[in-house]
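The values are calculated or read from the model by the stated rules, or taken from the named source; none is laboratory data. Just so it is clear, the structure is predicted and the values come from calculations on it, not from any experiment. Ideal geometry is used to build each Cβ from the backbone, glycine not excepted, and the neighbour counts take in all protein chains shown. Ligands, DNA and RNA are excluded from the accessible area calculation, which covers all protein heavy atoms including side chains. Shrake-Rupley method; radii C 1.70, N 1.55, O 1.52, S 1.80 Å.
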Amino acid sequence: LDLLHIDVQGVEFDLVEPASAVIQDHVRLMAIGTTDRLNEGRLQQHFLARGWGLALDSPCRAVFAMTHPTLAGFTVQDGTQFWENPFLRTDFPG
């Protein structure tokens, strides 16, 4: 699979983690929409430990106004992570 895009409002890591072996063996690029800093950190720890490269990291933006009970509640702009699996690189001709 050339590209897998995941953006499911706060459970990205919860979907990626149990599918780790399949993703590692079959996915070349991953685009992940993030909704809070905890998920971003968990995803970074997960993929970096498996040798993936973080090609783009645009963290979510949060305003810690002490009026929301969750990290996702503080988020005012979602983030994006774009990962490359170096074990499945494809060299395009030309």
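Step by step: first the residues of region 44-70, then only those that are assigned to a helix (DSSP H, G or I) and in contact with a Leu (Cβ under 9 Å, 6 or more places away or on another chain), then the one that is farthest from residue 8 (Cα to Cα). Which residue is that?
If we take residues in region 44-70 being assigned to a helix (DSSP H, G or I) and in contact with a Leu (Cβ under 9 Å, 6 or more places away or on another chain), then 48 is farthest from residue 8 (Cα to Cα).
Which residue, of 47, 74, 64, 82, is out of contact with any Phe, Trp or Tyr (no Cβ under 9 Å at 6 or more places or on another chain) and not charged (D, E, K, R)?
Of the residues listed, the single one that is out of contact with any Phe, Trp or Tyr (no Cβ under 9 Å at 6 or more places or on another chain) and not charged (D, E, K, R) is 82.
Looking only at region 44-53, count every residue that is in contact with a Ser or Thr (Cβ under 9 Å, 6 or more places away or on another chain) and either more than 19 Å from residue 1 (Cα to Cα) or open to solvent by less than 30 Å² (accessible area, probe 1.4 Å) (or both) and tell me the total.
Matching residues across region 44-53 total 1.
State the number of residues belonging to region 12-43 that are open to solvent by less than 60 Å² (accessible area, probe 1.4 Å) and either without any contact (Cβ under 8 Å) to a residue 24 or more places away in the chain or hydrophobic (A, V, I, L, M, F, W, C) (or both).
Qualifying residue count for the region: 11.
Consider only pairs whose beta carbons are under 8 Å apart and that are at least six residues apart or on different chains; among these, list those whose first residue lies in region 44-70 and is modelled with pLDDT under 90 and whose second residue is open to solvent by 70 Å² or more (accessible area, probe 1.4 Å) and part of a strand (DSSP E or B).
60/77; 61/76; 61/77; 62/76; 63/76
Go through (1) at pLDDT below 90; (2) of a type in the set (A, V, I, L, M, F, W, C); (3) assigned to a strand (DSSP E or B) one by one and return the number of the condition residue 31 breaks.
The one condition residue 31 does not meet is (1).
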